[in-house]
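Structure first, commentary second.
All of the numbers you see were taken from the coordinates with simple rules; none came from a lab. Computed from a prediction, not measured in an experiment: that's the story for all the values here. Please note: Cβ atoms are built from the backbone with ideal geometry, for glycine as well, and neighbour counts cover all protein chains shown.
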Amino acid sequence: MTGIDEKKIADVIERVVRSEGLELVAWELKGDGSRSSMLRITLDSDQGLTHDHCVAVNREVGTILDVEDLIPFHYTLEITSPGLGKSLSGQPAFDRHRGEIVRVRMTEPTERGSSIKGRVERVTPTQVVIVDRHGVEETIPYTQILAANTVHAPGRGSRRSEAGGTE
């Protein structure tokens, strides 16, 4: 977008999110002021994202962006969480969801197809190991992941297996 310093906007968002002890999943600015423009910030937290978190980030980010006039037109600021079907990308995301059930779609099909559903067993800097409901392990390099999402809501106590038992 012309006239918009996205680096400064990203710096403000990241600084505020870190100060609240949260994780920035993504942000996007849609529109150019001519119609309904929106700045959407998606947050997450290992302890769960609360309404108070969203209000605090909204207030702080909105105030700083307005004072510094980093978005020189009317926009709506929306703070969201990834939801139950969280999109996963890279080691930090898979590491946070270790022990949880995910669905991974791959760019290159394996003997069992181009999609696998199972528990995140191990995570390394280059790949993730998923164990399906039959106990079969599939090692998937991040470069081969087309899309990945959580299937069950993250457990904050014991983690649930696909069969519904605790591990």
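Provide, for the chain, the number of lysine pairs with alpha carbons under 26 Å apart, each pair being eight or more places apart or on different chains.
5
Between E108 and L77, 0.36 nm times their residue separation minus their Cα-Cα distance comes to what?
So the chain would gain 7.3 nm between E108 and L77.
Give, in nm to one decimal, the length gained when the segment between R133 and K30 is fully stretched (0.36 nm per residue of separation minus the Cα-Cα distance).
Full extension from R133 to K30 adds 33.0 nm.
Return the single residue from D69, D32, D46 with maximal mean-square fluctuation; model: Gaussian network over the chain, springs between Cα atoms under 10 Å.
Among D69, D32, D46, the largest mean-square fluctuation in the Gaussian network model of the chain belongs to D69.
Using Cα pairs closer than 8 Å and at least 6 residues apart in sequence, work out the relative contact order for the chain, in percent.
18 percent
Packing-wise, with mean Cβ within 10 Å as the measure, how do 94-100, 137-143 rank, highest first?
Ranking the peptides 94-100, 137-143 by packing returns 94-100, 137-143.
Can you sort L88, L70 so the residue with the fewest Cβ neighbours within 10 Å comes first?
The order, fewest Cβ neighbours first, is L70, L88.
Whole Å is fine, so just give me how far the alpha carbon centre of segment 77-118 lies from that of segment 22-44.
22 Å
Ordered by packing density, taken as the mean number of other Cβ atoms within 10 Å over each peptide's residues, highest first, how do 110-116, 127-133 rank?
With the highest mean Cβ count within 10 Å placed first, the list reads 127-133, 110-116.
Which order results if H74, H134, H53 are arranged by neighbouring Cβ count within 10 Å, fewest first?
Fewest-to-most ranking of H74, H134, H53: H134, H74, H53.
Answer rounded, prolate or oblate for segment 90-150, using the Cα gyration tensor with square roots of eigenvalues a ≥ b ≥ c: rounded when a/c is under 1.5, else prolate when a/b is larger than b/c, else oblate.
Oblate.
Of V12, G113, N149, which is farthest along the charge dipole of the chain in the positive direction, counting Lys and Arg as +1 and Asp and Glu as -1 at C-beta?
G113
So which residue, out of E23, E108, E14, gets the largest mean-square fluctuation from a GNM of the chain using Cα contacts under 10 Å as springs?
Result for the chain, Cα springs under 10 Å: E108 fluctuates most.
If I model a spin label as a point 7 Å beyond the Cα along the Cα-Cβ vector, how far apart are those points for T143 and K117 in nm?
3.0 nm
Any idea what the dipole of the chain comes to, in debye rounded to 20, about its Cα centre with Lys/Arg Cβ at +1 and Asp/Glu Cβ at -1?
Its charge dipole is roughly 560 debye.
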